[in-house]
1. Based on Cβ point charges of +1 for Lys and Arg and -1 for Asp and Glu, what charge dipole magnitude is obtained for the chain about its Cα centre, in debye rounded to the nearest 20?
2. Checking the a/c ratio against 1.5 first, then a/b against b/c, what shape does the Cα gyration tensor give for the range 165-288?
3. Kindly provide the helix-only [θ] at 222 nm of the chain, computed as the sum of -39,500 (n - 2.57) over DSSP H runs of four or more divided by all residues, to the nearest 500 deg cm²/dmol?
4. What is the ratio of the Cα radius of gyration of the range 3-296 to 2.2 N^0.38 Å, with N the residue count, to two decimals?
5. Among LEU158, LEU281, LEU185, determine the one that fluctuates most according to a GNM of the chain built with springs between C-alpha atoms less than 10 Å apart.
6. Report the label-to-label distance for HIS266 and SER190 in nanometres (one decimal), using points 7 Å from each Cα along the Cα→Cβ vector.
7. Under 18 Å from a label point 7 Å along Cα→Cβ of ARG251: give me every residue in the range 133-150 with its amide N that close.
8. Once amide H atoms are placed 1.01 Å from N in the peptide plane, what residues at a sequence separation of 5 or more from ARG32, or on another chain, have their amide H within under 5 Å of its amide H?
Amino acid sequence: MAEYERPEDHVKDYILRFSLDRCALGSQGYNRVLLQLFGFMGHGKSSLINSCKYVLGDGDYKARAKTSRSHGGVTVNRKAYRLTRTITIVDNRGYSRFNAFETGEIYAQLGNFVPLNEKVEWTNDFETMISRLEDSEMDPNFTDLTVPIFVYSVKKGLNDGEKRETKEFIENCRLMTGVYPIVVLTHKMSGDYTKAENDFKLMGVEQIIKLENYTKRDHHKTKERHKELLKFLYCTLEDVKFQMRYPKNPRRERIERKKFLIKFLHDRDMKERKEKDRRRLDRQGYMRVNSTGLLNVIYK
Ligand SMILES: Nc1nc2c(ncn2[C@@H]2O[C@H](COP(=O)(O)OP(=O)(O)OP(=O)(O)O)[C@@H](O)[C@H]2O)c(=O)[nH]1
Ligand SMILES: [Mg+2]
């Protein structure tokens, strides 16, 4: 019988006691499991944090992670909340859609190159991002084992374009962190979660958890909600245990993440420059390949 099917207290105990030292090959240099939440704005990341704190604690429901709806600024507080001695959960800023500007920032956060609990200005400038990467070398972090968690509300449906973008994004998250993200489908009662589940399965996601968050308005404890939230935490730890069965090298992994990010930022920068040139030429004239194969710019 899977652990999460046992009485809730048993699972809760397992989560609270989980220690990296007790993994198959020991902690291998890691000292913390970092559950990194990411996803579109308003899909329930902060509520998931509050719900996890609620089911693991014994007290009343508290809205520790703010669930406000103001998304105006470009400043973000990447805030970490300690769930247990080993597990910390991170509330990353939500984004409106996967554009080049926002994905670069998300990969930097997932790679743990953006400091926790500090205000960070979002930028899409290549030099600024590279300089920030260099700054992160002052205090390099290679002791966190990251588990990416993609939070998605089933209230919204994905069109074909969004499915393609999400698939690519999820694949890049795996390259960035070495782990396939776990998908948490929120607002389970307010949409077709079997359809959403199917969409994510077709994208290659292995772990999909469907749940209803506790919220400020509705936090009456129910057995099923508690069970789903504990199952979510349990599954993340099963993933960690699986990874830790194999030899790992935290320093080497950090270098690989950095290489991936630099390549992503560089390719993005090149693409943007080309796009700018193309637009400029569009305004000024057009290009034509002449009979000798040379490119001529014909000015309007
Ligand atoms: N019914 C229901 N409401 C939810 C659920 N999850 C979140 N909410 C509500 O949806 C709204 C947005 O939730 P947040 O947790 O703030 O979403 P977020 O992803 O943190 O949003 P950003 O920080 O802006 O990116 C809040 O009013 C929550 O109370 C859920 O599973 N069920
Ligand atoms: Mg939030």
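1. Charge dipole of the chain: 440 debye, to the nearest 20.
2. Oblate shape, in that a/c is at least 1.5 and b/c is the bigger or equal ratio.
3. -14000 deg cm²/dmol
4. Expressed relative to 2.2 N^0.38 Å, the Cα Rg reads 1.10.
5. Maximum fluctuation in the GNM of the chain, among the listed residues, is at LEU281.
6. Distance between label points: 4.4 nm.
7. Residues 136-145 fall inside that zone.
8. Amide H neighbours of ARG32: LEU145.
Bear in mind these aren't lab numbers, they're just calculated from the coordinates by the rules spelled out. Because the structure is predicted, anything quoted here is derived from the model rather than measured. So basically every Cβ, Gly included, is an ideal-geometry build from the backbone, and we count neighbours across all protein chains shown.
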